[in-house]
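To start, the structure under review is shown below, and the notes come after it.
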Amino acid sequence: MIKPAADDRGVPTLWLGLMYGHLMRVRDGPVFEAVETPWPHEIGEAPLDVLGRTVDGQHEFWVATRQSGVFRQRGGQWTSMRPPGVVGTWRALSLVEQFDRAGHSWIWASTNRGLARFDGENVSLLGREIGLPGIELLSLTLLPDAQGRQILWLGSVGDGIQRVDVTDPMHPITLPVDDLPAPPDRTAYGAMRDSTGRIYVCTNNGVQVLTTGPGGYESRLYTRKDGLVHDECNTDAQFIDANDRFWTGMLGGVAVFDPGSEISDRHPSRSSSSRRKSMEPTSMPRISAFRRAVANCDSTTRCCHGSAKVIRASARRSSDTIPLQDHGRPTAAARSATLRLAITG
């Protein structure tokens, strides 16, 4: 993992998560500074996501880990945010901050025990009681819809993409799965939306791209024949850059999709569908801009090699200030300047 987030003093920071549970602060140079953490440093452990937030003037730093769950650092002190009754391995993959209509901050986490919710005082695990078909979740993203509802899109192992309406965080509602085109595979790693509204769903059988049409969502599936280096995606290996290019790590390497290089299909497939019936998506691209990605690191970038990927973060002087979040959402500066992705197989 490599991601920007404010620390528990509110200082914008670039973080690096490594195997054996190590968390590093990346300073200019680059200089990697180990951070003392409370979870075990053992094989299989790793920080998977970080999040910074400010509540009532207090800065907090949150970390999701691969085996030990979620931790919060506030005022230099760490607290395990493990719900009551959860023992053993608790895998947390993604963290999201949500603001409700009253401006109250909530934290959501996708875990292997269900959807975790922190209301400011208590941590709850939600699953089948709110309509989720399963509890083994992967990445999550907060994507408000056209009606202003706050919708969590959840990846899962075996249950495709799930969506939960958390407009009222105390009463989340799982939305019907038949509102979406059928997934190409029941394991979906998560969903990401670009600035034009395209939603990318990475699965174990290609990348599904959803766009809105007159009858609902229209679907186009991209596989090896469209330029992907493999059909199976990797967990937490997707990113949309400042130019709306979609990057994804796969078993065979990494591919990048550039919507600006799409070539329209003169013979559209009849396999794409809306939520109610089959359609012929004449405006959907057939020959995609997916291609194998290659990254070169030079003296102006710092590179971190991960699972089939290289992530390049632009070096910045310590005097520079980068606004990382605006009302819980990444700012343009955080997306385009602080963290720039280039991925290689």
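The values are calculated or read from the model by the stated rules, or taken from the named source; none is laboratory data. All of these numbers come straight from a predicted model, not from anything done at the bench. Don't worry about glycine lacking a Cβ; one is built from the backbone with ideal geometry, like all the others, and counts go over all protein chains shown.
The conditions of being touching a helix residue (DSSP H, G or I) at 6+ places or on another chain (Cβ under 8 Å) and either surrounded by 14 or more Cβ atoms within 10 Å (Cβ to Cβ) or among the polar types (S, T, N, Q) (or both) are not met by residue 159.
Remark: pairs (first residue in segment 204-216, within 16 Å of residue 254 (Cα to Cα) and free of Cβ contacts under 8 Å to residues at least 40 places away in the same chain; second residue surrounded by 16 or more Cβ atoms within 10 Å (Cβ to Cβ) and among the acidic types (Asp, Glu); Cβ separation under 8 Å; 6+ apart in sequence or on different chains) = 204/185; 204/231; 204/232; 205/185; 205/231; 205/232; 206/185; 206/231.
One line per residue, one yes/no per condition, for (1) out of contact with any Phe, Trp or Tyr (no Cβ under 6 Å at 6 or more places or on another chain); (2) part of a loop (DSSP other than H, G, I, E, B); (3) touching a residue at least 12 places away in the same chain (Cβ under 8 Å):
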| site | (1), (2), (3) |
| --- | --- |
| 96 | no, no, yes |
| 124 | yes, no, yes |
| 135 | yes, yes, yes |
| 155 | no, no, yes |
| 164 | yes, no, yes |
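All of 42, 97 fail the test of being of a type in the set (Asp, Glu) and farther than 26 Å from residue 188 by Cα, apart from 42.
Please work out if residue 89 is polar (S, T, N, Q), in contact (Cβ under 8 Å) with a residue 40 or more places away in the chain and either loosely packed, with under 13 Cβ neighbours inside 10 Å or closer than 26 Å to residue 155 by Cβ (or both). No: the conditions fail for residue 89. A single entry from 54, 37 fulfils the requirement of being touching a residue at least 40 places away in the same chain (Cβ under 8 Å) and not in a loop (DSSP other than H, G, I, E, B): 54. The single condition among (1) assigned to a loop (DSSP other than H, G, I, E, B); (2) modelled with pLDDT of 95 or more that residue 148 does not satisfy is (2).
Going by the structure shown, is residue 170 within 23 Å of residue 93 (Cα to Cα) and more than 20 Å from the chain's Cα centre (by Cα)? Yes; evaluated as a whole, the condition is true for this residue. Return yes when residue 18 is touching a residue at least 40 places away in the same chain (Cβ under 8 Å) and closer than 25 Å to residue 234 by Cβ and no when it is not. No; evaluated as a whole, the condition is false for this residue. Restricted to segment 57-70, and to residues there that are assigned to a strand (DSSP E or B) and surrounded by fewer than 21 Cβ atoms within 10 Å (Cβ to Cβ), the residue that is nearest to the chain's Cα centre (by Cα) is 59.
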